[in-house]
1. Can you tell me the relative contact order of region 1-54? Whole percent, Cα pairs under 8 Å, sequence separation 6 or more.
2. From the backbone phi of region 36-41, what are the Karplus-calculated ³J(HN,Hα) couplings (6.51 cos²θ - 1.76 cosθ + 1.60, θ = phi - 60°) in whole Hz, Gly and Pro given as x?
3. So, for the chain, what is the accessible surface per residue at a probe of 1.4 Å, expressed in square angstrom?
4. Simple spin-label model, 7 Å along Cα-to-Cβ: residue 63 to residue 36 in nm?
5. Could you tell me what percent of the accessible area of the chain is made up of carbon and sulfur, with a 1.4 Å probe and every protein chain present?
Amino acid sequence: GGSSGDLLILSTAANPQDVVIKDGTGNIELNIADGDCTLGNVKDRIMLVYQGSTWYEISRSINA
């Protein structure tokens, strides 16, 4: 859920626990060029905005 304009920042709690945000799954739409997003490091982040009934990716920061 959410309200229009809400922002959501996701990260993983621990390095050995990869979190994968899947494009087109449920109500999540990620940037097409970047596809799915794997958060594999505690410094990794993805920011989403809620519009209508969908969370859209604004940006991501993935540390190699």
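The values are calculated or read from the model by the stated rules, or taken from the named source; none is laboratory data. Keep in mind the model is a prediction, meaning the values are calculated, not measured. Every residue, glycine as well, gets a Cβ built from its backbone with ideal geometry; the counts of neighbours run over all protein chains shown. Surface areas here come from the heavy atoms of the whole protein model, side chains and all, with no ligands, DNA or RNA. Shrake-Rupley method; radii C 1.70, N 1.55, O 1.52, S 1.80 Å.
1. 51
2. These are the phi-based 3J(HN,Hα) values: 4, 10, 9, 9, x, 9 Hz.
3. Result: 62 Å² per residue.
4. Simple spin-label model gives 2.3 nm for this pair.
5. 50
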